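What follows is a short report on a single structure.
The values are calculated or read from the model by the stated rules, or taken from the named source; none is laboratory data. If you're wondering where the values come from, they're calculated on a predicted model, not measured in any experiment. FYI the Cβ positions are ideal-geometry reconstructions off the backbone, even for glycines, and counts take in every protein chain you see. For accessibility, only protein heavy atoms count, side chains too; no ligands or nucleic acids. Shrake-Rupley method; radii C 1.70, N 1.55, O 1.52, S 1.80 Å.
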Amino acid sequence: QVQLVESGGGLVQAGGSLRLSCAASGRTSGIVRIAWFRQAPGKERERVAASTWTGELTAYADPVKGRFAISKDNAKNMVYLQMNSLKPEDTAVYFCAVRNNIVGDYDSWGQGTQVTVSS
């Protein structure tokens, strides 16, 4: 339905900032919700931020509230995750995901981009 490609990951120092990008292609007209997930080794996948594709309703996981911000450019089919005041515990593989249905699970996923925050 939708193909997603993440970019922007890398190694940053604690306290620094990083902006992740997600390019969506395919049947983007069917996108209902967008989100960023992350998963660290040995830990469960965690939804970091989510947003409606249409409108500006957003939600954030408690550990990133006030530090991360999800945004989008609908005309360019782009999704972003601005990450500020990064902490070592933010280290993980970050995934972009899209839900193509009114209800249900996120069903389109990118391959992920590594974010490493050094202390």
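Brief remarks follow.
- Share of carbon and sulfur in the accessible heavy-atom surface of the chain [1.4 Å probe, %]: 48
- Placing dummy labels 7 Å off each Cα toward the beta-carbon, the span from N84 to R67 is 1.3 nm.
- Counted residue by residue at 0.36 nm each, then reduced by the alpha carbon distance between them, the extension gain from Q114 to N101 reaches 1.9 nm.
- Nearest-10 value in Å² for the accessible area of K76, using the 1.4 Å probe: 140
- The ellipsoid that matches the Cα gyration tensor of the chain has semi-axes, each √(5λ) in whole angstrom, of 23, 14, 13, with the longest given first.
- Largest-first principal axis extents, alpha carbons of segment 1-45, Å: 38, 23, 14
- When all protein chains stay in place and ligands, DNA and RNA are ignored, the 1.4 Å accessible-area order of E89, E44, largest first, is E44, E89.
- Springs join every pair of Cα atoms under 10 Å in this Gaussian network model of the chain, and among A23, A61, A50 the largest mean-square fluctuation is at A61.
- Annotation: per residue accessible area for segment 1-103 equals 53 Å², rounded to a whole number [probe 1.4 Å, protein chains only].
- Other residues within the sphere of radius under 15 Å centred on the Cβ of P88, judged by their own Cβ, net out at +2 (K and R +1, D and E -1).
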